[in-house]
1. Test Gly46 against the stated conditions and say whether it is touching a helix residue (DSSP H, G or I) at 6+ places or on another chain (Cβ under 8 Å), within 11 Å of ligand 1 (Cβ to nearest atom), in contact (Cβ under 8 Å) with a residue 40 or more places away in the chain and on the phi > 0 side of the Ramachandran plot.
2. Would you point out the residue of the range 258-298, among those that are among the polar types (S, T, N, Q) and surrounded by fewer than 24 Cβ atoms within 10 Å (Cβ to Cβ), that is farthest from Gly386 (Cα to Cα)?
3. Leu65 - would you say it is within 15 Å of Pro12 (Cα to Cα), at pLDDT 95 or above, within 15 Å of ligand 1 (Cβ to nearest atom) and in contact with a His (Cβ under 7 Å, 6 or more places away or on another chain)?
4. Go over the candidates Thr139, Thr97 one by one and state the one that is part of a strand (DSSP E or B), within 16 Å of ligand 2 (Cβ to nearest atom), more than 14 Å from Pro12 (Cβ to Cβ) and touching a residue at least 12 places away in the same chain (Cβ under 8 Å).
5. Could you check the range 9-41 and list, in sequence order, the residues that are more than 11 Å from ligand 1 (Cβ to nearest atom), of a type outside the set (Gly, Ala, Ser) and either in contact (Cβ under 8 Å) with a residue 24 or more places away in the chain or touching an Asp or Glu at 6+ places or on another chain (Cβ under 8 Å) (or both)?
6. With respect to Tyr369, is the statement that it is more than 22 Å from Arg178 (Cβ to Cβ) and either surrounded by 15 or more Cβ atoms within 10 Å (Cβ to Cβ) or at pLDDT 95 or above (or both) true?
7. In the set Arg179, Arg165, Arg115, which member is touching a Lys or Arg at 6+ places or on another chain (Cβ under 7 Å) and either within 10 Å of ligand 1 (Cβ to nearest atom) or more than 30 Å from Ile70 (Cα to Cα) (or both)?
8. Can you tell me which of (1) of a type outside the set (D, E, K, R); (2) assigned to a helix (DSSP H, G or I); (3) closer than 28 Å to Tyr220 by Cβ; (4) in contact with a helix residue (DSSP H, G or I) (Cβ under 8 Å, 6 or more places away or on another chain) is the one Ala343 doesn't meet?
Amino acid sequence: MKTQVAIIGGGPAGLMLGHSLRAENIECVVLERASAGYVLGRIRAGVLEQRTTDLLRDLGLDERLRKEGIREDGFNLAEGNRMIRIDVADLTGKHTTVYGQTEITRDLMTAAPERGLEIFYEVSDVALHDIDSDAPFVTFHKNGTQHRVDCRFIAGCDGFHGAARRAMPLPPDQVFERRYPFGWLGILADVPPCHDEIVYANHSRGFALASKRSHTRSRYYIDIPLNQKIEDWGDERFWDELCLRLGRDLAASITRGPAIEKSIAPLRSFVCTAMRAGSLFLAGDAAHIVPPTGAKGLNLAASDVIYLARGLTSYFRYGEIDQLAAYPETALKRVWKASRFSASLTRLMHHFPGDTAFDRQMQRAELDYIAGSAAAQTAIAENYVGLPL
Ligand code: RFL
Ligand code: PHB
């Protein structure tokens, strides 16, 4: 088959890009390794920056988001029994929205047929060819048959473990990485949230996060060492530990219930500054990973998509390559700032093995400073709500 843009990966980045291109009448196909059900079963992001919800509004894909998304005007940093509220709305004039990544993905999948966005699920052996030329192509298998997609550009939206980045020549000086010595153990439970806004907690026992998906569905995380497994964490052990880490007052508001999902996500900061090689462009987690502290990953995927769709539109509509050529530089500015914010919030709210009493005092002093400084709170709020494009 022949198309203008072959998109590899049908997660949020691939689907948002596909819809953005179809809105400009650009032909594209999406190739996704997993089944639609599997993609929807992955519980991940929950907090959307205003720029991300604006993108979905501009695409006319926010009907359910407007009804079911929960507006959040602030969030909290907790330490022991003290809570520092960051009044995001007051400090920035903007807000975030709680709406699950699963729900966005479902909305984008549902609207695909009516917008002429073709998605091939359960494809295997995706391989990229001739990316150095103006006529690259992608091959893949589906139901035992090999297919070939000829195109002008390939968009690698296939996440951190995908095929696209591996198809690029990657000099070591274009890869930047930090691995963290812990992961987040997350559970989803059909119980009312313990607080009406998100709480990030730094307790002497470790990190905890209280979030939600709706007024009746909670999402909680604690950090655990990388050598621990899900089987080590029965529901009751998780709830006990969460209550200890969130402090007395929040613990009193926690409703326990069976976990309907439980997973571990290792934390990593990763930036591949080669976001383009010839006719191949990377977007979303394929190009960068941030630790989830600060909720930037999905939002960065959305901003990449906005920049990349603009560049591709300018190329296909006016034959201009400049905006597309500037994509890596433009996108990376935002990526590095979000990486900095996520890494610094991770440092502030977690205990690292080997931390000394001095390191602990530094965290306390920083939290004290934030508690008493409108300037510090503004800096956090503007990063959390999303820096301008
Ligand atoms: P995805 O979601 O990984 O999608 C990539 C898709 O590509 C497919 N794929 C392939 N398809 C074809 N051929 C191949 N060879 C392929 N290899 C892979 C995969 O099956 C998949 O469907 O990347 P994308 O689209 O770039 O989206 C990125 C986001 O998923 C990610 O950044 C966020 O989930 C990060 N994140 C959060 N981001 C936020 O903005 N706010 C949050 O509150 C937030 N919370 C989180 C998070 C990530 C977490 N984990 C699990 C890492 C919380 C957690 C716990
Ligand atoms: C979530 O609701 O899953 C969530 C919220 C905030 C984060 C990360 C994840 O920083």
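The values are calculated or read from the model by the stated rules, or taken from the named source; none is laboratory data. Because the structure is a prediction, the values reported are computed rather than measured. A quick note on method: Cβ atoms are made from the backbone with ideal geometry, for glycine too, and the neighbour counts reach across all protein chains shown.
1. no
2. If we take residues in the range 258-298 being among the polar types (S, T, N, Q) and surrounded by fewer than 24 Cβ atoms within 10 Å (Cβ to Cβ), then Ser279 is farthest from Gly386 (Cα to Cα).
3. Details: within 15 Å of Pro12 (Cα to Cα): yes; at pLDDT 95 or above: yes; within 15 Å of ligand 1 (Cβ to nearest atom): yes; in contact with a His (Cβ under 7 Å, 6 or more places away or on another chain): no.
So Leu65 fails the test.
4. Sole residue among the options that is part of a strand (DSSP E or B), within 16 Å of ligand 2 (Cβ to nearest atom), more than 14 Å from Pro12 (Cβ to Cβ) and touching a residue at least 12 places away in the same chain (Cβ under 8 Å): Thr97.
5. Result: His19, Leu21, Arg22, Glu24, Ile26, Glu27, Cys28, Val29.
6. yes
7. Arg179
8. Just one mismatch for Ala343, condition (4).
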